[in-house]
Amino acid sequence: MEFLKSSVLRSNPKSSNSKKKNNQLKIPPGVPLWNAKSITEVTPKNTGTPTGFNDLDTIFYNRGWPQGGLTEFLHDISGIGELRLMAPALSHLSQNESRWITWINPPYIPYAPALEALGINHKKILLIHPQNHKEALWSLEKALQSGTCSAALAWLDEKQLELSDIRRLQVRAKQGNTWITLFRPAAAIRQASSAELRLHLLPAVSEDKITVSVIKRRGGWAIPDMSIDLREFTPTRKIQKKNCFISSSKTATSASSTTHRTRINQNKSKYSRKQMQLV
């Protein structure tokens, strides 16, 4: 009997086809249809800014810091290497883009020679010292909305910072295609945040290393306790000569010492000539 049923079903394919036709939706003529085959390649709109560290580039979305997104540095101790962690990206942005790198309410005054030693052009840095939290938040939103900043670093009042403020800053960062970094205390890990990337920073045993824990990232899970060697980034300093780059190593120190010696010798020769004229 089973063999007869199967043979009867095979002999009448029109019955099954007629049921399928009745179940199909009838689309009126002239209505445009979306065809998935028309899409050849899907690429993200914004590409990330390279971090300068291979371990971070491999796990971050778009292989870099979220350009057009918000990053949170969560730490309790300042000066543990958080700025050195950002130095490769800030150096890249200051040398390859004409936009500003805005610092809003930093706890200390940035030291220009130290920034130049890291390859960051201090002429591209814009410092803003607001009087209160409301002015700091307003100036940060305007800087992001204007589109004239490639990066923004902000130290806001944690007691007055709300989730709606962070959400609004994330939207403004996308509008201006700006990489914004908020420096917050480690206690903010327990709070909800709409930031695209959240990192917990801890000091390491060596001064040239920093411990990074990924709390939140786009397109992946959290990663605890990554040891990042800050010496992996070797900055370059520009000399006024055309197409001449001297790295901040032995060549830079030797070049600076030779120029200093020539200046001393020139001053000595001028001084001796004056003495001869006086005699």
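A short reminder: the numbers here are calculations on the coordinates, not readings from a lab. In this text the structure is predicted, and so the values were computed from the model without any measurement. All Cβ positions, even for glycine, are placed from backbone atoms using ideal geometry, and neighbour counts span all protein chains on display.
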Of all C-alpha pairs within region 38-147, those more than 23 angstrom apart amount in percent to 37
Cα→Cβ-extended label distance, 7 Å offset, between Asp208 and Ala187, nm
3.6
Computed ³J(HN,Hα) along region 59-76: with the Karplus parameters 6.51/-1.76/1.60, θ = phi - 60°, integer Hz and x for glycine or proline, the list is 9, 7, 5, 6, 6, x, 5, x, 6, x, x, 10, 10, 10, 9, 9, 7, 9
Hydrodynamic calc, region 54-235: Kirkwood Rh from Cα pairs, then Stokes-Einstein at 4 °C with viscosity 1.567 mPa s, so D in µm² s⁻¹ is 78
Between Tyr111 and Glu158, what is the label-to-label distance in nm when each label sits 7 Å out along the Cα-to-Cβ direction?
2.5
Amide H of Thr49 versus every other amide H placed in the peptide plane: which residues, excluding those fewer than 5 positions away on the same chain, fall under 5 Å?
Trp65, Gln67
